[in-house]
Every structure is written in structure tokens, then in C-alpha cells.
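Trainee: Take this structure, written in C-alpha cells, and hold onto it; I'll ask about it next.
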Amino acid sequence: MRVFQKYLPGVLTTILLALVSIFLSGLIPYQLISAGVFALLIGIYLNPLVSKYTKCGPGFDLTSKKVLRLAIILMGASLSFSQVVEVGKFSLFVMVFTLITAFGGGYLLGKAFNMNWKLSSLISAGTGICGGSAVAAIAPVIEAEDSDIAYAISATFIFDIVMVILFPIMGRYFNMTDLGYGLWTGTAVNDTSSVVAAGYAFSDAAGSFSVIVKLTRTLSIVPIVLIFSYINERLTRKASNSVNDQATVQSREKVDIKKIFPWFILMFLAVVAIKSTGIIPEMICQSITKTSKFFMVMSLGAIGLKTNYNKLAKSGFKPMLHGFIISALVVIVSFLVQMLVGQV
């Protein structure tokens with residue numbers, strides 16, 4: 001009972017914030033600003049107030065970590081391996097280039113801007129994979145600060161707002177096909193709500209293609225999380241070796257895969273596999289997906305409530321510029337690759 005009382009105030013606060021955020025998002029056409037972004041921003045705004053109530057802290061921590069991972073696991077119910085086949089080889093081909101652009105360009109820009117590698121990586125993940133969901137999935141395995149998570153999501157969100165307006169205009173200007181435009185939107189726009197808004201603004205067919213491509217992009221979370229989990233462990237070991245002045249001996253030790261492996265990703269894949277079999281009724285899958293989205297909104301709200309704006313502002317303008325440049329490069333690369341394969 002004491003454990004329940006310990007977490008209850010914070011969890012109830014995040015539930016209330018999630019409900020308010022979902023309501024506000026529903027007031028906007030196409031839910032252009034997702035509920036998760038609302039929850040994050042409102043949470044940051046309320047941080048000075050709620051930080052005075054220490055009883056909420058444990059619940060915020062639980063929601064921003066455990067509930068977040070549960071949300072990612074349940075997100076698998078919105079995907080199936082058959083979608084990869086349905087989208088076809090062209091979208092996967094394009095995604096290879098956009099992911100290389102996002103992470104390769106993000107690494108170089110992060111170095112040039114002298115940015116924290118964790119913040120730089122989160123921005124690249126949000127741009128290259130699927131916005132807030134990717135940021136949320138990678139953050140735990142690299143032990144990112146809440147302020148880095150908030151900044152990364154904010155950077156991708158602002159660019160998405162601009163792209164939702166410009167994408168349909170550019171698509172018509174270039175006289176793109178429904179398939180070509182859907183591939184472009186699905187591989188270059190980040191947040192799901194923004195993909196829906198930009199896709200269906202062009203045509204219903206383009207909207208359907210873009211959503212399928214977007215969902216397929218989500219599967220790339222798995223290898224990316226594994227890679228960053230390994231990188232973080234190596235860097236942590238290197239820092240520890242340097243401090244203890246035992247680099248020669250310890251650097252030869254292998255990374256403990258059992259220690260760093262993000263087991264929640266296996267559960268995510270298990271849910272995707274179960275969904276792919278078709279044994280679960282679509283209605284139940286939709287309910288699980290809605291639950292996943294609600295948990296994600298709760299988690300982002302908790303992260304916002306734990307994030308001090310003054311600390312966030314100290315990151316400066318460079319991370320935001322980093323996000324804009326990488327996002328723009330992904331848009332351009334996606335378009336050029338499709339031109340080369342004749343899908344525009």
C-alpha cells in the first residue's frame with residue numbers, strides 16, 4: 001500500500017496532463033500538434049510549480065522510465081512485418097539513405113557545434129526515424145538527461161510544423177505521383193500526426209502510402225537502439241578506465257551484452273510478431289495502440305514536468321539549428337534518391 005501511495009500523486013498528475021493534452025490536440029485540424037508535444041511543453045511550463053511538491057517526484061520518475069518503455073513495447077501492435085513487404089523495396093532503399101544522412105550528418109554537425117553527443121544523437125534519431133517515439137526509445141539506453149529529451153523533441157516538432165505547410169505545395173509544384181509523394185512524406189517528415197497531415201493534404205492515396213512508410217520506419221528503432229546501447233557502454237567504460245588509470249588492462253575487456261541489451265526491444269519485436277500472425281483481432285490491436293499512445297503522452301508529460309526551462313535554455317540555439325539542418329538534409333536526400341529510382 002505504501003508503494004502505491006508513493007507513486008500515486010505523480011502518476012495521477014501525468015494522467016491528468018495526458019487527458020488535457022489529448023483534448024487540446026483534438027481541437028486542431030489533423031491533430032497537427034500531437035498530444036505528446038502538448039504534454040511536453042505544458043509539463044515544462046508547469047515545472048516550477050510542481051517541483052515544489054516532492055511527493056510527485058517518484059510518480060514522475062516511474063512514468064518517464066517504466067511507463068515509457070511499456071508504451072514502446074505496446075507500440076508494436078501498430079506494426080506488422082507484412083507492412084515492410086507492402087511498402088516495397090523502394091521505400092526501404094530510400095530509408096537507408098535518410099538514416100545515413102540523419103545519423104552521419106548529425107554526428108558531423110554535433111562535432112562542429114561542439115554539442116553533447118547524447119543530445120545530437122537524440123535529434124538525429126527523431127529526424128531519421130520517427131520523432132518523439134525514437135527519441136523516447138533511445139534516451140534510456142544512452143542515459144540521456146530529461147532536458148536533452150525535451151530539446152530533441154522540440155527541435156523535430158518545430159521543423160514538422162513548417163514541413164506540413166510546405167510539403168503539399170512542393171509536391172504539387174514538382175507534379176509528384178501519389179506513391180512518390182507518399183514515400184517522400186513518410187521518409188522525411190517525423191511525427192506521425194505530421195505525416196498524416198502532410199500526406200492527406202496531397203491526396204487520400206498519398207496519405208495512405210505515407211502512413212505505411214512512416215510505420216515501417218519505426219521498425220528501424222530496433223537496430224538503432226542496439227547500436228547506441230553498445231556505443232554508450234563503450235564510452236562509459238572508456239571514461240571509467242581513464243578515471244581509474246587502468247586503461248591498458250580494462251580496455252581489453254569485452255562489453256557485457258547482457259548488461260547493456262535493451263530487453264524491452266525484444267518485447268517490442270514480440271508484439272510486432274504476434275500482430276503479424278493476425279491471430280489478434282484488429283479491434284484489440286487498435287485498443288492496444290491507443291493505450292500505447294496514451295502511455296507515451298503520459299511519459300512525455302512526466303519528462304516535461306521534470307524539465308527545468310532555465311536548464312533547457314542553456315543548451316542555446318545550436319541544437320535547434322542542428323535539428324533544422326539535419327531535417328532539411330533528410331528531406332532533400334529522400335527527394336533526390338526517389339528521383340534516381342524513378343519514383344517521383
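Trainee: Only one of these conditions is not met by Lys293: (1) surrounded by 14 or more Cβ atoms within 10 Å (Cβ to Cβ); (2) at pLDDT below 85. Which number is it?
Mentor: (2)
Trainee: Of everything in segment 72-121, what is modelled with pLDDT of 90 or more and small (Gly, Ala, Ser)? Give them in sequence order.
Mentor: Once the filter is applied, which keeps residues that are modelled with pLDDT of 90 or more and small (Gly, Ala, Ser), segment 72-121 yields Ala102, Gly104, Gly105, Gly106, Gly110, Ala112, Ser120, Ser121.
Trainee: Right, Ala150: modelled with pLDDT under 85, assigned to a helix (DSSP H, G or I) and of a type in the set (Gly, Ala, Ser) or not?
Mentor: So Ala150 does not fit the description; no.
Trainee: Can you tell me which residue is surrounded by the most Cβ atoms within 10 Å (Cβ to Cβ) among those in segment 85-140 that are out of contact with any helix residue (DSSP H, G or I) (no Cβ under 6 Å at 6 or more places or on another chain), more than 24 Å from Ser276 (Cβ to Cβ) and among the polar types (S, T, N, Q)?
Mentor: Among residues in segment 85-140 that are out of contact with any helix residue (DSSP H, G or I) (no Cβ under 6 Å at 6 or more places or on another chain), more than 24 Å from Ser276 (Cβ to Cβ) and among the polar types (S, T, N, Q), the one surrounded by the most Cβ atoms within 10 Å (Cβ to Cβ) is Ser121.
Trainee: Across segment 191-200, what is the total count of residues that are within 11 Å of Tyr181 (Cα to Cα) and touching a residue at least 60 places away in the same chain (Cβ under 8 Å)?
Mentor: Residues that pass the stated criteria total 1.
Trainee: Further question on the same structure: Consider only pairs whose beta carbons are under 8 Å apart and that are at least six residues apart or on different chains; among these, list those whose first residue lies in segment 302-323 and is closer than 19 Å to Gly132 by Cα and whose second residue is surrounded by fewer than 24 Cβ atoms within 10 Å (Cβ to Cβ) and at pLDDT below 80.
Mentor: Cβ pairs passing all conditions: Met320/Ile158; Gly323/Ile158.
Trainee: Residues that are within 15 Å of the chain's Cα centre (by Cα) and on the phi < 0 side of the Ramachandran plot, at least 1 per element: which helices (runs of 4 or more DSSP H) completely within segment 262-314 meet that? Give the derivation first.
Mentor: Numbers: elements: 263-277, 282-306, 309-313.
The qualifying helices (runs of 4 or more DSSP H) are 263-277, 282-306.
Trainee: Can you name the residue in segment 202-261 that is small (Gly, Ala, Ser) and at pLDDT 80 or above and is also nearest to Phe93 (Cα to Cα) among such residues?
Mentor: Ser220
Trainee: Which one of Leu166, Leu179, Leu183 is in a helix (DSSP H, G or I), in contact with a Phe, Trp or Tyr (Cβ under 8 Å, 6 or more places away or on another chain), surrounded by fewer than 24 Cβ atoms within 10 Å (Cβ to Cβ) and modelled with pLDDT of 80 or more?
Mentor: Going through Leu166, Leu179, Leu183 in turn, the sole match is Leu179.
Trainee: Can you find a residue that is part of a loop (DSSP other than H, G, I, E, B) and more than 15 Å from the chain's Cα centre (by Cα) anywhere in segment 84-103?
Mentor: So far as segment 84-103 goes, yes, one or more of its residues are part of a loop (DSSP other than H, G, I, E, B) and more than 15 Å from the chain's Cα centre (by Cα).
Trainee: Could you tell me whether any residue of segment 40-52 is over 21 Å from Asp148 (Cα atoms), buried (at least 22 other Cβ atoms within 10 Å of the Cβ) and aliphatic (A, V, I, L, M)?
Mentor: No, there is no match, as no residue in segment 40-52 is over 21 Å from Asp148 (Cα atoms), buried (at least 22 other Cβ atoms within 10 Å of the Cβ) and aliphatic (A, V, I, L, M).
The values are calculated or read from the model by the stated rules, or taken from the named source; none is laboratory data. Given the structure is predicted, the values throughout are model-derived calculations rather than measurements. Methodologically, a virtual Cβ is constructed for each residue, glycine included, from the backbone with ideal geometry; neighbour enumeration extends over all protein chains shown.
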